[in-house]
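Shown next, in structure tokens, is the structure this report addresses.
The values are calculated or read from the model by the stated rules, or taken from the named source; none is laboratory data. Please read all numbers here as calculations on a predicted model, not as lab measurements. Quick reminder, even Gly has a Cβ in these numbers, built from the backbone with ideal geometry, and neighbours come from all protein chains shown.
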Amino acid sequence: MDTGRILSRRGVFAGGAALGAVTMMAGERVLLPHAASAGDALAPQHRPRLASLHPRVDQITDIKVCIRPFRAAGPRLDVERIGDRTIFHNYGHGGSGWSLSWGSANLVVGKVAATLNRRVAVIGCGIVGLTAALTAQRAGFDVTIYTRDLLPHTRSVRANGSWTPDSRIALTQTAGPAFADQWEQMARFSWATYRTYLGLSGAPIMFQDNYILSDKPFDDKPPPAPPAGAPGRMPRATEDFATYESRIRDIVPAVEDIPEAENPFAAPHARRQSLMIYNFGAYGHLLLSEFHQAGGRIVIREFHSPQDLTSLPEKVIINCPGYAARDWWRDDSLIPVRGQTAWLPPRPEAPYGLDYRGAALLSKTDGVMIQAVDLDGLGEMTGVGNSFEHPDPTEAARAIGIFADLFARMPIVGG
């Protein structure tokens with residue numbers, strides 16, 4: 001897939017006469033620009049095409065609920081002593097655990113390297129725990145993971161699987177200016193590490209085009225919010241959440257506007273960005289294989305209090321329990337942020353993503369993911385304080401309905 005291709009001025013996703021014949025023979029449904037004329041439909045063969053999706057509720061194969069572990073001050077990365085054990089905390093990444101996992105692990109393992117003991121225990125086998133374990137192995141440590149669940153069964157794989165490094169990562173006022181520098185260090189290290197997994201068999205990490213659609217001009221912004229008050233634990237509005245994306249614009253592909261004549265969607269305004277995504281099955285299998293091949297061990301074990309760690313044979317412990325830290329570590333600084341994803345069968349002929357009317361769609365190798373991001377206009381406050389982990393079919397149906405309606409309004413060729 002050529003994610004870097006700049007779309008030509010006139011025929012985005014429009015099929016030419018010869019292309020239309022091939023498309024119809026293959027039985028593929030191809031979208032045409034919603035405002036295209038008959039002349040526009042006769043576009044050269046080399047122009048890219050966009051296969052339609054038409055999601056339906058009766059296609060749902062799974063609904064997953066993730067509780068994102070938000071901390072107003074940002075991830076917990078401090079060091080604590082319990083008896084003769086040294087605990088290096090690594091949790092509370094909000095909606096940015098996947099995106100910042102490698103950079104966070106790099107910071108923590110850098111601290112661990114100052115110890116004399118080369119045996120390390122890692123608590124948790126979600127994406128933050130597993131990348132911490134691998135990073136420790138690469139630094140020469142002998143690592144054992146203690147976990148209740150393996151990666152395929154953790155909260156990590158209930159996420160949407162895309163690069164979102166500052167998604168509910170902290171509150172601007174509470175985290176303070178120093179955290180912005182730390183965030184940038186984590187984001188840059190993670191970005192560089194993820195790039196080493198590009199192009200591998202099974203596409204564990206890949207880039208694909210993501211389209212942001214709007215019924216109103218993108219510059220039609222709401223009035224600025226009033227200044228934030230004193231730092232606190234609980235966000236009160238979207239504007240309280242920290243945003244740092246401007247600090248890494250030099251490495252992340254920029255968003256580009258799609259001209260009206262080249263917009264294939266049934267929405268008047270469209271933008272496109274090349275988005276990094278994670279295919280959970282391939283990527284998780286690769287990381288677990290690498291961990292075992294390097295001599296790592298996994299012990300299935302559940303912890304109920306911090307004192308339980310004193311029974312481990314390792315004196316150095318990296319603590320990566322995610323939201324579970326609120327219960328077993330009794331850390332009430334963690335605030336739950338509920339998120340739900342609905343999964344439909346994979347559509348490999350349609351590898352792209354959409355954001356529209358508060359819903360998100362990603363067509364990945366492990367399925368078509370549809371998420372209700374903000375259906376009720378609450379912004380980043382959606383799901384904040386909600387720890388309900390049972391699936392909500394009504395929420396899934398609403399999100400799917402947004403894209404079903406979008407595709408129903410879009411002209412197609414082929415059958």
- Message: Scan the range 174-191 and tell me whether some residue there is assigned to a loop (DSSP other than H, G, I, E, B), within 29 Å of THR341 (Cβ to Cβ), among the charged types (D, E, K, R) and in contact with a Phe, Trp or Tyr (Cβ under 9 Å, 6 or more places away or on another chain).
- Response: no
- Looking at SER333, SER305, SER363, SER289, which is the one that is in the same structural domain as PRO204 (by TED's automatic domain parsing) and free of Cβ contacts under 8 Å to residues at least 12 places away in the same chain? SER289
- Query: Does VAL122 qualify as being buried (at least 24 other Cβ atoms within 10 Å of the Cβ) and in contact (Cβ under 8 Å) with a residue 12 or more places away in the chain?
  - Reply: yes
- Given the conditions (1) of a type outside the set (Phe, Trp, Tyr); (2) in contact (Cβ under 8 Å) with a residue 12 or more places away in the chain; (3) surrounded by fewer than 22 Cβ atoms within 10 Å (Cβ to Cβ), and given that ARG81 satisfies all but one, which numbered condition is not satisfied? (2)
- Are any of the residues in the range 341-349 closer than 18 Å to ASP149 by Cβ and surrounded by fewer than 20 Cβ atoms within 10 Å (Cβ to Cβ)? no
- Message: Need pairs with beta-carbon distance below 9 Å; first residue at negative phi and within the range 96-114, second crowded, with 24+ Cβ neighbours inside 10 Å and of a type in the set (D, E, K, R); sequence gap 6+ or separate chains.
- Response: SER96/ARG68; SER96/ARG168; GLY97/ARG68
- Message: Going through VAL255, VAL299 one at a time, which residue ends up being under 28 Å from ARG168 (Cβ atoms), surrounded by fewer than 17 Cβ atoms within 10 Å (Cβ to Cβ) and either touching a residue at least 60 places away in the same chain (Cβ under 8 Å) or aliphatic (A, V, I, L, M) (or both)?
- Response: VAL255
